[in-house]
1. Report relative contact order for the range B:86-180 in percent, whole number only (criteria: Cα-Cα under 8 Å, sequence separation at least 6).
2. Return one quarter of the surface area of the convex hull spanned by the alpha-carbon atoms of the range A:85-221, equal to its mean projected area, in nm².
3. Quick one: which residues, 5 or more positions from residue B:164 or on another chain, have an amide H under 5 Å from its amide H? H modelled 1.01 Å from N in the peptide plane, none for Pro or chain starts.
4. Provide an ascending nm list, one decimal, of label-point separations from residue A:136 to the equivalent residue in each further copy; define each label point as 7 Å from Cα along Cα→Cβ.
5. Provide B:159, A:208 ordered by accessible surface of protein heavy atoms (probe 1.4 Å), highest first.
6. I want to check the label-to-label distance for residue A:127 and residue A:153. Put each point 7 Å from Cα in the C-beta direction and report it in nm to one decimal.
7. For the range A:33-71, state which residues have at least 40 Å² less accessible area in the presence of all protein chains than in their chain by itself, taking the probe as 1.4 Å and leaving out ligands, DNA and RNA.
8. Can you list the copy-to-copy distances for residue B:65, using a point 7 angstrom from Cα toward Cβ, in nanometres, shortest first?
Protein chains: 2
Amino acid sequence: MRAVIFDLDGTLVDTVYGHTLAWQRVLAEAGMPVEGWKVHRLIGMSGGLLTQAAGHEIGRPLSDGEAEQLQKRHGAVYKELMPDRRPLPGAVDLLRHLRREKIKHGVATSGRRADAKASLDALDLPDDMVVVDRDDVERAKPEPDLFLACQERLGVTPEECYVVGDAVWDLLAARRAAMLGIGLLSGGYGQEELYQAGAYRVYSNPAELLDSIYQLGLRPS
Amino acid sequence: MRAVIFDLDGTLVDTVYGHTLAWQRVLAEAGMPVEGWKVHRLIGMSGGLLTQAAGHEIGRPLSDGEAEQLQKRHGAVYKELMPDRRPLPGAVDLLRHLRREKIKHGVATSGRRADAKASLDALDLPDDMVVVDRDDVERAKPEPDLFLACQERLGVTPEECYVVGDAVWDLLAARRAAMLGIGLLSGGYGQEELYQAGAYRVYSNPAELLDSIYQLGLRPS
């Protein structure tokens, strides 16, 4: 195994509960209340699919204009609810370890560039970090496009890549990209949900992954 | 089986994500950031135990004064983040069904009276509803005191009671009270986490419980 591709929100930065409550509030405001636990399990898929899923919950499809409007409003409410973005324990050290050991790695996120930037800034990354975001691909997770674009930029094959993510959407997209998924509990899913979605290993958070990194058989390139 | 004892937050009203983000913010403000997913899994235990657990996460015990201060601040932040309390789908109908079928039931919550009142008001309950809250007992969940006090007021034995809750704390307290636990996914735990904590059945939310109520063998009294 030669490379690690990371999801961003819930995997490297602790933002899932802010995103969940922001979506819950935005959907309720718009007259389409969705239960919190169901919103939670939609986080990490593309914003377009998320608003489609919300439409399914309330029993009618949303127009493109409505979906776009909701996503804008979500961005504003999220900033209000969670002005600070905190790296998850071990996230900064884990990325530093991979750099030092010359193990290829990158970030692939369903977030749009402006939102991703705020999370990336919290991680103190070098300028040459490989980052693929929603604006780089046609379709976000659970389509495999983000991970495949990241793998190409890293110059490795899909079979040589691990994908590290906190949501079933990461694991589903990893399988479709022929990559091996690793789940983190830091997004709030239960361990079995992640294994059942195809995780090869599950760790609590980036700190536990770093402690256990010898289990992954990664080699430098 | 002759009675059903309900947890309140996350089981009948959709408040878990608001409580999680409020605690996450209050703890971070106080210089003791705890990861969101860990805060999520503390919701539903007594406020005192929750602040103790937060102390464990940051590596030093909190004084009673600090704990009290954090709980007060949590109440204020929660109201700001989640001013409206929504019943979970099926909650109002489920309670109405039990009343109509003359199946004994009550509510037992780790919340203090003032906070519980706001959630109860959202459920449109009759005045004679049996409700036991944090102010009625010495120790909240996962101690069995709340469920035992509720069962006594219902005039049944522990063995005749189901406990319905969304958190492992409800299931742990139910086992200690010799009652049978039923888990709901509406608090955001994974299904297997609830079964592993001892749930006899797991349903999505109160609506699915109501649809499946014949599975529980309840009889009127």
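The values are calculated or read from the model by the stated rules, or taken from the named source; none is laboratory data. It should be emphasised that the depicted structure is a prediction, and the values quoted were computed from it without experimental measurement. Because the Cβ atoms are built from the backbone with ideal geometry, glycine has one as well, and the counts that use them run over all protein chains shown. Only protein heavy atoms, including side chains, enter the accessible area calculation; ligands, DNA and RNA are left aside. Shrake-Rupley method; radii C 1.70, N 1.55, O 1.52, S 1.80 Å.
1. That works out to 24 percent.
2. Average of the hull's projected areas for the range A:85-221 equals 7.5 nm².
3. B:5, B:6, B:7, B:182
4. The answer, with the shortest distance listed first, is 5.6 nm.
5. B:159, A:208
6. The answer from the label model is 1.6 nm.
7. A:35, A:37
8. With the label placed 7 Å along Cα→Cβ, residue B:65 yields 5.9 nm.
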